[in-house]
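We did not get these values from a lab; they are worked out from the coordinates using the rules stated. Please read all numbers here as calculations on a predicted model, not as lab measurements. Here Cβ is always computed from backbone atoms with ideal geometry, including for glycine, and neighbour counts include all displayed protein chains.
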Amino acid sequence: MTQPILNTSAALMFGASLLAATSVQAASEGFYVGADVGYNFADDQDSTGPSRNVDIEFDDDLFYTGSVGYAFAAGEYGQPAIELEAAYRENDVDSLNFNGTPQSPVGDESVFSVLVNGKWNFTQFSDDIIPFVGVGVGFADIDASVRYGPVANINDDDTVFAYQLLAGAAVPITEQLSIVGTARYFDLAQDPELNRFGGPAPVSNVELDSEYSSFGLSLGLKYAF
């Protein structure tokens, strides 16, 4: 009877030691890398120019991110971190209205962004689930390849300032590896200028003031060194 009790006690102590090691690693300072895949819900896009108004709705699609960051020492109120993140989003065009008239569009828009994120990890609440919030600023290149009507198309790209808001949680599964779930709102801080080509007179080729924003949910891994 004594031996099973000792074995059970040893197993419990071993599990507790693993959890403690994970907690220390999760809250310790140092470099880390991460990668996410998620679902991107792009907002409707309204592009305007002289005598032209193009409203586009997009299909939802996947997006991908990769990051490298540094977590600072945890304090009484949590742990700050800073990271460099690259992300790629692409959404097919679902429907398009030109000056209020429905069209039959084909094509897509993609956005490649590079942002610097500042994060705050709430390490003071739990060792098992670590919530976080964050904000990112940087640049994004939006590339439109959309065709509609007999000859009209928007085939152009522009690079502008961008930002995002982040909220999520990390779940440590080993001393160095964590599963991370993130919700993010991404927006272009400037209106990109995209050229529209073709179409009837009086204005065939015009520059459109456009926009892009999206909400995404992602799941990924973070590895701390």
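The listed peptides 68-74, 148-154, ordered by packing as a protection proxy, come out as 148-154, 68-74 (highest mean of other Cβ atoms within 10 Å first).
What does the charge add up to near Asn117, with Lys and Arg as +1, Asp and Glu as -1, over the other residues with Cβ less than 14 Å from its Cβ? Once all neighbours under 14 Å are counted, the net charge is 0. The Cα atoms of segment 138-225 define a convex hull whose projected area, averaged across directions, is 7.6 nm².
Its residues counted as N, segment 27-78 yields a C-alpha radius of gyration over 2.2 N^0.38 Å of 2.01. Its Cα gyration tensor gives segment 52-105 an equivalent ellipsoid. The semi-axes, each the square root of 5 times an eigenvalue, are 43, 13, 9 Å from largest down. Other residues lying with their Cβ under 12 Å from the Cβ of Phe31 contribute a combined charge of -1, Lys and Arg counting +1, Asp and Glu -1. On the principal axes of its alpha-carbon atoms, segment 22-161 has extents of 63, 25, 21 Å, going from largest to smallest. Take every Cα pair under 8 Å whose residues are at least 6 apart in sequence, average their separation, divide by the length of segment 17-152, and the relative contact order is 21 percent. The simple Förster model, with R0 at 30 Å and r as the Cβ-Cβ distance, assigns Leu84 and Asp187 a FRET efficiency of 0.95. Counting only DSSP beta bridges with both residues in segment 34-95, what percent are antiparallel, rounded to the nearest 5? Once the DSSP bridges in segment 34-95 are tallied, antiparallel ones form about 100 percent. Each Lys or Arg adds one and each Asp or Glu takes one away; over the other residues whose Cβ falls under 15 Å from the Cβ of Val171, this sums to -3.
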